[in-house]
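What follows is a set of notes on a single structure, which appears directly below.
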Amino acid sequence: MDTKLIFTAEEKRDALLLLRKLREATKAFLRADDEKNISLFLKEALRQGEIQRDAFGLNPVVLSFQTALIAIEEAGLKRDGVLAIILYTCVFGGHHSIEEIRRSYGQQVATIIHGLVRIQELYKKNPVIESENFRNLLLSFAEDMRVILIMIADRVNLMRQIRDTHNLEAKRQVSEEATYLYAPLAHKLGLYKLKSELEDISLKYLEHDAYYLIKEKLNETKQSREAYIDKFIAPVEQRLKEAGLHFHIKGRTKSIHSIWQKMKKQKCGFEGVYDLFAIRVIIESDNATRAQEHALCWQTFAIITNMYQGNPKRLRDWLSVPKSNGYESLHITVLGPDQKWVEVQIRTERMDEIAERGLAAHWRYKGVKSGGNMDDWLNSIRTALENNDDRQVMDEFKMNLYEDEVYVFTPKGDLLKFPKGATVLDFAYHIHSRVGNQCTGARINNKVEPFRYQLQSGDQVEIVTSANQRPKQDWLSIVKTSRAKAKIRQALKVTQDKEVLMAKEMLERRMKNRKIELEESVINHLVKKLGFKETRDFYKQIADGQLELNAFLDKYVEMQQHLNGQTPQNVPQQSAEEFVFENPNAEMVYSNDDVIIIDKNLRGVDFSLAKCCHPIYGDKVFGFVTVNGGIKIHRQDCPNAPEMRKRFGYRIVRALWSGKGSSQYSIVLRIIGNDDIGIVNNITSIISKEEKIMMRSINIDSHDGLFSGNLTVNVDDTSRLEQLIRKLRTVRGVKQVTRL
């Protein structure tokens, strides 16, 4: 049994005060026995030691009461959401099951807690949380929109409570997550007040000096700022009253985080940010239709722009086309008294409530489902809104976001997005074509699955490979993504090309052993006569063992004799003694004369440098006789060299460079490093200073703080190349430089 949670005197006072507030806030929607059941549940959980302090030493019971109040006041949650917040800790700790909660408190409460538990399980997979994919996965895992609202409320509350904690690392992590995960979610849902609070507190914890600098500056200018706001508002109020409008006006100072972002974006000090505040005109519009509301806003707009010169470039019309999170407003920047630019926001009371509290202020749950993404889903929610004075919320609606997509983890915690129905093979080919080609299955959440397994959101996938595995034709029906299909087709074509080449080699050796002269025209003629549409199909049948070579050669001899005007009687018959034993695995042994000297002045030999390994002067090389008689020069450590030696050893010749290199050779370098400002300039600067080295191209890609790219340069020989690589490795931030 765990140690019992002991309340401090301060925690007891806080808990009683919070309980009184919760009773008042929930009396309209709690059932008769809910408070009694919750009280008994918590007392028993505390007695059994089921509730423990968190990583910051905070009391989970007090935290749940605080979070519940935020969720009620800011997000409009009611009975099911509040009970889920209070009960969640015991379920996540493994002391109570979802089924117990369902029996005691209903299906809705159980669904919300199940969503909260699933999301917490995602964190165990060490995800890269700052990615958009993780936000999407989190939304799809939530099952119910109330889960997301509870998470946001919980993070706001936690940020408020950890101000004086000594666990600085956990505090930093919580603050960073609030910035790049919870604040964007709050923004998407229109919870601007909570979004601003999350951003401001995160800035306070992460960039202490910047936060307090701006806060002090705002305090210093508060009096003059308020005086200017009054000076601006007074004549506007008079004109609007004369027009018969009912309204109220307030000035709103921008959040500290917003000011800090402007300072960084504009690269200026606090004094350089001119729009520190905005004037908000909120029009009373009881029982008005949308069209009437819009007309009132445009009327107000006309009155203000007649008084003060407007900046048409700064007009933002979110009345005609509201934001995806339901935000509706007119924004205009005007030149106010003392020639200062002032931002004015014009909206109705209904619009202001949605802007402040988000769509949760009005949501009616009617089973609205998404067409595929967050913005579409929010649009569909907005179309479901009815009378703006109704606050019934969240009793029946279930989220069904991203129904056409799945999000899965790599072993390192990166999140990848795939279409629904994608398999392990799709994942493998997304990583690398070689991984896909050798894939035999995967470990999904530490359980072995075949490569046909269909991926599910939240799966952690580790691919299992085998060097003996090869792509098959039926793989095309297993994969879902076009990328995987293209790579499989490419791999199959390469395999088929190798098989055709091998079959051609086999035929040539067999003909050589029987001392039959090879004539392409005769082969082509015979292949067509045998019913093959292409010569490639003919060679494929040889490779597959479907065509008997000796029978074909007999027909070939007959065809050759016929085309050359010979008769079978005129051809001397060969005895078995004249045939040479065919040993395709025998290693070719070359004399000292079997050496090709690589020289640009070489005549009579068609040779070229292989593009697969880009040999340059100084590399140890060998020659490979191609099918058309030319010679390809490869590096001895070429990735294709083992296969060539194994299968076509008799076509390999020795090769040496002639004298000192006098040509420039194109090579490709792979560079990986930190994505720091100026690092690419540092790399190119080194190359430009190198004598007789010319850069031909550079291709850089950046992702998650790292960059990787290919750099193509022309060099004379390996010594200059090695010297260049050494210098590039000294560049600060460069982690790896390799030659491809």
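The values are calculated or read from the model by the stated rules, or taken from the named source; none is laboratory data. Every value quoted in this text rests on a predicted model; they were computed, and no experiment measured them. Note: ideal-geometry Cβ built from the backbone for every residue, glycine included; neighbour counts use all protein chains shown. We work out accessible area using only protein heavy atoms, side chains counted, and drop any ligands, DNA or RNA first. Shrake-Rupley method; radii C 1.70, N 1.55, O 1.52, S 1.80 Å.
Multiplying the residue separation of R647 and T465 by 0.36 nm and removing their Cα-Cα distance gives an extension gain of 63.2 nm. Sequence-distant contacts, meaning Cα pairs under 8 Å at least 6 residues apart, place the relative contact order of the chain at 7 percent. For the stretch 464-474, 3J(HN,Hα) computed residue by residue from phi via the Karplus equation (6.51, -1.76, 1.60; θ = phi - 60°) reads 9, 10, 9, 5, 8, 6, 9, x, 10, 4, 6 Hz, glycine and proline entered as x.
Surface composition of the chain: carbon and sulfur make up 48 percent of the accessible area, probe 1.4 Å. Residues whose amide H lies under 5 Å from that of F247, counting only those 5 or more places away or on a different chain, are E284; hydrogens are built 1.01 Å from N in the peptide plane.
Would you mind estimating how fast the stretch 225-284 diffuses translationally, via Stokes-Einstein at 10 °C and 1.306 mPa s with the Kirkwood radius over Cα pairs, in µm²/s?
On the way: Rh = 13.1 Å.
After rounding, the answer is 121 µm²/s.
Of K412/K447; K533/K555; K313/K340; K195/K264; K472/K528, which ones are farther than 22 Å apart at the Cα? From the list (K412/K447; K533/K555; K313/K340; K195/K264; K472/K528), the Cα-Cα distance tops 22 Å for K472/K528. Remark: relative contact order (the stretch 1-134) = 23 percent; criterion is Cα-Cα distance under 8 angstrom and separation of 6 or more residues.
Packing, taken as the mean count of other beta carbons within 10 Å per residue, orders the peptides 177-185, 641-649 from highest to lowest as 177-185, 641-649. The alpha carbons of the stretch 1-97 occupy a box of 38, 30, 21 Å along the principal axes, longest dimension given first. Put one equal scatterer on each alpha carbon of the chain, apply the Debye formula with no solvent term, and list log10 I(q)/I(0) at q = 0.06, 0.07, 0.11 1/Å to two decimals. Reported log10 I(q)/I(0), two decimals: -0.61, -0.76, -1.28. Where only DSSP H runs of four or more residues are counted, the chain gives -14500 deg cm²/dmol as its mean residue ellipticity at 222 nm, each run worth -39500 (n - 2.57). Projecting the Cα positions of P471, G421, V448 onto the charge dipole of the stretch 397-540 (unit charges on Cβ atoms of Lys, Arg, Asp and Glu, taken about the Cα centre) puts P471 furthest along the positive direction. Taking the C-alpha atoms only, the angle from helix 107-123 to the longest principal axis of the chain is near 50 degrees.
Solvent-free Debye calculation, one equal scatterer per alpha-carbon of the stretch 673-720: log10 I(q)/I(0) at 0.14, 0.16, 0.19 Å⁻¹ equals -0.39, -0.50, -0.67.
Is there a quick way to get the dipole size of the chain? I mean about its Cα centre, with the Cβ of Lys and Arg at +1 and of Asp and Glu at -1; what is the value in debye to the nearest 20? It would help to have the intermediate numbers written out before the result.
Values: 111 positive and 99 negative charges, 196 e Å.
I would put it at about 940 debye.
Axis angle, to the nearest 10 degrees, between helix 9-26 and the longest C-alpha principal axis of the chain: 90 degrees. Of the trypsin sites (Lys or Arg not before Pro) in the stretch 58-162, the ones in a loop by DSSP (not H, G, I, E or B) with at most 10 other beta carbons within 10 Å are K124. Note the angle between two axes, namely the Cα long axis of helix 168-177 and the longest principal axis of the Cα atoms of the chain, as a number of degrees from 0 to 90, rounded to the nearest 10. The helix 168-177 is inclined about 80 degrees to the chain. Take the Cα of R252, step 7 Å toward its Cβ, do the same at R31, and the gap between the two points is 3.9 nm.
Heavy-atom accessible area per residue, the stretch 1-127, 1.4 Å probe: how many Å²?
Working: 6440 Å² over 127 residues.
About 51 Å² of surface per residue is accessible.
Under conditions of 37 °C and 0.692 mPa s, the stretch 182-222 yields 300 µm² s⁻¹ as its translational diffusion coefficient, taking Rh as the Kirkwood radius over Cα pairs in the Stokes-Einstein equation. Accessible area per residue for the stretch 666-740, computed on protein heavy atoms with a 1.4 Å probe, is 57 Å². Per residue, the accessible area of the stretch 161-221 comes to 49 Å² when a 1.4 Å probe rolls over the protein heavy atoms.
A cut-off of 5 Å between modelled amide H atoms, ignoring neighbours fewer than 5 places along the same chain, links S457 with Y407.
For the stretch 290-297, the Karplus equation 6.51 cos²θ - 1.76 cosθ + 1.60, evaluated at θ = phi - 60°, returns couplings of 4, 4, 5, 4, 4, 4, 4, 5 Hz by residue, with Gly and Pro reported as x.
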